[in-house]
Every structure is written in structure tokens, then in C-alpha cells.
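Only one structure is covered here, and it is reproduced in the block below.
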Amino acid sequence: MIKFTATKVALLPMAISLALLAGCGPKTVDPTNSTANNSANSSAITSDTTVSESEKANTLFEQIFMESVRRNPARLTRLGIKDDYDKWQNLSEEHYQAGLMLQRDQLARLNNIDSTKLDDATRISYLLMQQNLQQSLDDAKWHLYSYPVNQMFGVHTQVPSLLINQHMIDNESDAAAYIARLNAVPQLFKQLQQQLEQRAEQGIIAPKFVFPHAISASKNIITGAPFDTSNDSTLLADFSKKVHKLEITEQAKKLLIDQAKVALIGSVKPAYSGLISYLQTLEQQAGTDDGVWRLKQGAEFYQHALNRTTTTDLTSEQIHQLGLDEVARIHTEMRQIKQQVNFSGNLQQFFVHLREDSQYYYPDSDQGRADYLAEASRVIEDMKGRLDSLFLVKPKADLIVKAVEPFREKSAGKAFYQQPSMDGTRPGTYYANLYNMRDMPTYQLEALAYHEGIPGHHMQLAINQELENMPKFRRFGGYTAYIEGWGLYTEQLPKEIGLYQNPYSDFGRLAMELWRACRLVVDTGIHSKKWTRQQAIDYLVENTPNSVTDSTKAIERYIVMPSQATAYKIGMIKMLELREKTKTALADKFDIREFHDVILKNGAVPLDVLEQLVDEYIAHKTTAI
């Protein structure tokens with residue numbers, strides 16, 4: 001087992017009450033109760049002073065969380081809160097600077113809390129919030145080091161994505177808010193262009209390959225009726241479908257739809273047309289050097305990003321070497337499976353065989369896509385029935401499987417997960433990108449479903465936001481290394497209870513882990529070692545069974561999201577290391593369900609905090625033995 005030390009967040013007292021480990025079980029979340037459910041482990045509190053200070057702290061956590069959330073109407077909608085339902089977020093520089101002032105004030109209010117008088121659970125939340133606020137202030141130095149429009153995400157795709165997937169229409173008022181948002185797109189895009197211009201002045205422009213993707217995605221939004229005479233556009237189809245479900249008169253429905261058409265033609269189309277025109281101009285300034293090393297202080301920024309993403313102090317060189325070592329190890333395991341299935345060629349030839357043979361793919365047809373989604377749903381349902389052997393607690397929110405919508409499938413990632421609404425009425429969603437069925441081999445279907453669905457992201461993120469005794473900033477926040485580390489860890493977990501019986505599926509599991517190991521190599525290669533985009537693509541094609549198009553999209557993702565891809569493997573390695581440490585210490589008293597409780601019921605935390613929680617659990621169990 002590869003070991004490393006996570007030292008970036010050495011904040012917690014060495015003694016953490018075991019009440020934290022046992023007292024954060026999920027209960028039904030009441031989003032209207034802002035403070036009553038936030039005082040943790042009151043039964044363990046013996047001092048009126050401690051109660052008072054802990055209650056004061058938890059009340060402040062709630063205030064700070066809601067102050068921050070209410071600055072972003074889009075985030076409110078994602079949480080299922082219909083306040084400011086007719087507005088978009090404010091992208092202006094003035095709004096950003098006002099946010100920094102607010103965070104300084106929040107930090108000052110937090111520092112007025114006497115942390116020595118807090119119960120242990122509240123003290124952890126206090127220290128994490130303190131760190132979050134301070135890091136956000138420290139990050140201001142780098143706030144322009146991003147690409148607000150890229151092929152993976154951005155305001156241009158957020159508009160239809162949020163309206164379609166999160167803006168529910170339960171009454172005429174909701175429909176009016178939808179129309180108001182359509183009419184507000186020009187102001188939103190004006191601010192977006194100002195952000196792009198501000199970055200361009202500092203030489204921070206997305207690489208040239210990004211622009212055709214972003215322009216194409218933007219054109220897709222203004223294609224179809226009422227923009228032309230073809231079928232309804234994505235937004236009109238969504239709005240009409242939702243309005244037709246309302247229990248109102250046909251005349252009222254027609255009026256709303258007509259108002260939406262006016263907004264689409266008069267506001268949405270000119271906004272997108274203007275953005276497309278600007279992106280075409282900006283494209284002429286873009287270059288083909290893809291790594292952030294090319295930016296002023298680029299090396300310093302990248303190391304900063306790695307520290308934030310991994311919650312460790314690993315250098316880019318250490319991460320690069322870790323990736324090379326993991327790639328070599330996984331290749332060895334893959335060769336064993338290659339021999340098991342009696343393939344006579346070498347590993348690279350086996351990769352080509354898996355890449356090119358049609359037997360490993362569903363047909364590129366509507367039926368093929370439907371069959372893929374049906375099988376992914378079956379895999380998840382089967383796993384649901386096995387959870388009791390691995391977990392003591394399960395999420396209350398439901399999980400559904402959907403294909404990525406046509407308007408963004410060409411440029412979106414291979415698969416991703418969307419959390420449930422805060423009240424649980426909107427289920428969690430596993431999105432599979434079925435644009436190119438050759439990017440979704442059947443031998444990887446199981447591992448992908450486990451990662452994005454159950455026992456992966458849905459298990460962790462849904463439980464996390466259902467933890468009633470956890471402050472909202474922790475239930476709806478997170479750390480990438482923890483969240484994605486858990487996702488990758490849970491790809492391996494089913495094998496340990498007898499799944500992946502088909503050797504090709506087990507090979508697919510290894511292929512998914514290999515993919516994340518290669519990320520350590522190519523992410524650091526691109527952003528630190530000055531690898532070209534093509535050099536990084538070639539590395540993936542040579543070392544994995546994934547297709548050229550899959551590899552290309554992946555590298556393009558890593559280019560616009562520096563460091564993010566390193567989180568998966570580093571988080572997984574730490575979780576496996578901690579599990580092995582626990583098994584060794586507890587021997588026959590080790591219970592995988594209790595171990596997972598320690599991981600999940602404390603919410604997402606930095607990796608060194610996770611280690612402290614596990615160490616405290618081990619100490620408690622050892623004493624009990």
C-alpha cells in the first residue's frame with residue numbers, strides 16, 4: 001500500500017469525542033428549520049456554558065451558510081429553494097469583491113466564538129468553517145485563473161441545464177419565474193463577457209480547442225422553434241412540457257408558452273448570438289499551449305490547486321511518480337486477466353481488441369441507448385439489495401439513471417452525478433453520456449454505475465446532506481479528494497462481496513482505476529511538465545483500452561480543470577490505507593459496516609481529518625476490546 005501524509009489541514013484536536021462517530025446519523029431533513037437541528041450530541045454536553053457556546057456556533061454556521069447561498073439564486077434553485085426563483089447569479093466584479101468583504105466579516109464573527117467551550121462535534125465544524133473562509137480569502141489571488149466558458153461547463157450551458165433539470169414548474173408563478181430567467185439571460189451574459197475580457201487582459205484565455213465546442217453548444221441552444229421552423233428548441237420543449245402538466249386552463253397555458261417564445265426570441269437569441277460572436281473573436285487570441293504553466297505564476301497556481309484538490313502537500317513531481325507506479329501495478333493485474341480469457345497478444349493488443357470489437361458495445365441506436373440505461377439501472381438495483389452487508393445506514397433519497405441531454409452530450413463528460421434537492425423531493429441522478437456508444441463499453445458499465453450511483457456518489461452525497469445533526473455548510477459542501485476518492489473506492493468494493501464475476505467486467509473495473517492512475521500522470525504532465533495536448537492523448541491511448549475520442553475528451557477536460565483529476569486516486573489510496581490500518585489494529589473485531597459509518601457519517605472532510613477520525617475510532621474500539 002502506498003502511503004502519504006496529508007498535512008494541509010492539521011486543525012483538529014487529537015482527542016475527538018466518539019459521540020461524533022456515533023451521533024451524526026441521518027434523519028429526515030427539514031429545510032425550514034434553520035437552527036434547531038444543528039446542535040450536535042447534546043447528550044454528551046455537561047456544561048451550560050458549553051451548550052450556550054455550541055448553540056451560538058451552530059446558529060452562526062447556519063447564518064453564514066445562508067448568507068453565502070442567498071448571494072447565488074442559481075445555487076438556491078439547485079438546493080430546491082424557490083427564493084429568487086426568477087434571477088440568475090451576479091457575475092460582476094463588484095459582487096465578487098462584496099463577497100470577499102462578507103467573508104471577512106463572517107470570519108471575524110466566527111473568531112468571536114470561544115472554541116475552547118465547544119463540544120467536540122461543533123469544534124470540528126468550527127475549525128472546518130474557519131479554514132474554508134480563510135482559504136476562500138487566500139484564493140482571491142487566483143480568482144481569475146479559470147475559464148468561465150469551456151467545453152465541460154460554463155454559464156452558456158448552465159442556463160439550459162438549470163432550467164431543464166432544476167427549475168421545477170409547479171404553478172403559474174414558477175412558470176413566470178422561468179420566463180423572467182429567460183429575459184434575464186442578456187444581463188447574465190453581459191457580465192460573463194466582462195469576466196472573459198478581464199481574464200483576457202491578463203492573458204488567461206482558454207486554449208484554442210475549447211472554442212469550437214463552446215460555440216457549438218451555444219448554437220444548439222438557439223436551434224429549433226421559435227428560432228427557426230424546425231422542431232421545438234431545447235428550452236421551448238422543456239417549458240411547454242412542464243406547463244402542459246399544470247392544472248390550469250388551456251388558454252392560460254397558451255399565454256405562458258407565447259410569453260416564453262417572446263422571451264426566447266427577444267432575449268435568449270440575441271444574448272447567445274452576442275456571446276457566440278465574442279467567443280469567435282476571442283478564439284483568434286487563443287493559443288495551443290494548454291497547461292497553466294504558460295500563465296504568469298502558473299507553476300505557483302498549479303501547486304496551489306493541487307494542494308486544495310488533494311488536501312495534501314504532495315508536489316506535482318510526487319503525484320506524477322505516484323501515477324506512473326500505479327499504472328505499472330494495474331497493468332500487471334490486467335495481464336493476469338488477459339491470460340485468464342486466453343488472449344494471445346500483448347496488453348496493448350488486448351486494449352485494441354477491446355476498443356475495436358463490437359461485442360463490447362451496445363449498438364449506436366435509440367434501442368442501444370435504452371438497453372444501456374436499463375442495464376445500468378439493473379446493476380444499481382441489484383447493488384441496493386446488497387447494501388446491508390456493507391453499510392449500517394443508507395440514503396433516503398431515490399436515485400434515477402438518465403442519459404445526458406442532447407444539447408450538451410457532445411462536449412459533456414462520460415458520466416456524472418447530480419445530488420438530490422435539499423428536501424429530497426428531486427432524486428439523485430446518475431447521468432450517462434451516450435452520445436458516442438463507443439465511449440461506453442459494456443465491460444466498464446458496472447464500475448461506472450457503482451461509482452456514480454450506488455455505493456458511490458449517491459451513497460455518500462445523499463447521506464451527507466441527510467445528516468440532520470450536521471451544519472448545512474458541511475452537508476452541502478465537500479472536498480474533492482474525499483468525494484471522488486470515495487467514488488473510486490466504491491468501484492472496488494463490489495468485488496470484495498463477489499461481484500464482477502465476468503472477467504471482462506473485472507477488467508473494466510481495473511480499466512476505470514487505470515484511467516484515474518493515468519490522470520495523475522497526464523494532469524501533472526500537462527500543467528507542470530509542459531506536455532502538449534497530443535502528447536497527453538497519446539499516453540492515454542497507449543496505456544488504456546479507452547477510445548481515441550474518449551481519451552481526447554478526457555485530456556481536454558484535464559486541461560480546463562487543472563488538478564481536479566488528481567483527486568480520485570489520491571483519495572482512494574488514503575481510504576484503502578485507512579481501512580487496512582483499521583483491519584490490522586482490530587483484527588477479528590473489524591466490521592466493514594462500522595468502518596464505512598466512520599467514513600460517511602462525519603460528512604466530507606479533508607484527508608488528514610479523515611485519518612484522525614479513523615484513529616479515534618480505532619482507539620475507542622481497542623479500548624473496548
Answer with yes or no whether Thr490 is buried (at least 22 other Cβ atoms within 10 Å of the Cβ), assigned to a helix (DSSP H, G or I) and of a type in the set (S, T, N, Q).
-> yes
Identify all residues within the stretch 451-477 that are polar (S, T, N, Q), over 13 Å from Met422 (Cβ atoms) and assigned to a helix (DSSP H, G or I); write none if there are none.
-> Gln460
Helices (runs of 4 or more DSSP H) within the stretch 198-295 that include 3 or more residues under 28 Å from the mean Cα position of the chain (by Cα) = 210-221, 234-244, 269-283
Selection within the stretch 318-349 - polar (S, T, N, Q) and more than 26 Å from Asn307 (Cβ to Cβ) | Thr332, Gln336, Gln339, Gln340, Asn342, Ser344, Asn346, Gln348, Gln349
Every residue from the stretch 606-625 that is in contact with a Lys or Arg (Cβ under 9 Å, 6 or more places away or on another chain) and at pLDDT 95 or above = Pro606, Leu607, Leu610, Glu611, Val614, Asp615, Ile618
Among the listed residues Gly508, Gly485, which satisfies the condition of being within 23 Å of Phe351 (Cβ to Cβ), surrounded by 22 or more Cβ atoms within 10 Å (Cβ to Cβ), among the small types (Gly, Ala, Ser) and in contact (Cβ under 8 Å) with a residue 60 or more places away in the chain?
-> Gly508
Is one or more of the residues making up the stretch 290-300 closer than 30 Å to Gln187 by Cβ and surrounded by 16 or more Cβ atoms within 10 Å (Cβ to Cβ)?
-> yes
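Yes/no per residue for (1) in contact with a helix residue (DSSP H, G or I) (Cβ under 6 Å, 6 or more places away or on another chain); (2) over 17 Å from Pro441 (Cα atoms); (3) modelled with pLDDT of 95 or more:
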| position | (1), (2), (3) |
| --- | --- |
| Gly485 | yes, yes, yes |
| Leu493 | no, yes, yes |
| Ala517 | yes, yes, yes |
| His527 | yes, yes, yes |
| Ala536 | yes, yes, yes |
| Val541 | yes, no, yes |
| Ser551 | yes, no, no |
Those residues of the stretch 138-181 that are more than 20 Å from the chain's Cα centre (by Cα), under 19 Å from Ile81 (Cα atoms) and not basic (Lys, Arg) come to a total of 13
Among helices (runs of 4 or more DSSP H) entirely within the stretch 29-133, at least 2 residues that are within 24 Å of Gly478 (Cβ to Cβ), at pLDDT 95 or above and over 23 Å from the mean Cα position of the chain (by Cα) occur in 48-69, 93-111
Of the residues in the stretch 403-427, how many are within 18 Å of Ala447 (Cβ to Cβ) and either touching a Phe, Trp or Tyr at 6+ places or on another chain (Cβ under 7 Å) or at pLDDT 90 or above (or both)?
-> 3
For Thr582, indicate whether it is farther than 30 Å from His353 by Cβ, without any contact (Cβ under 8 Å) to a residue 12 or more places away in the chain and part of a helix (DSSP H, G or I).
-> no
In the stretch 352-370, which residues are farther than 19 Å from Glu446 by Cβ and not acidic (Asp, Glu)?
-> Val352, His353, Ser358, Pro363, Ser365, Gln367
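The values are calculated or read from the model by the stated rules, or taken from the named source; none is laboratory data. Owing to the predicted nature of the structure, the values given are computational and were not obtained by experimental measurement. Neighbour counts are summed over all protein chains in view; Cβ atoms, including those assigned to glycine, are modelled from backbone coordinates with ideal geometry.
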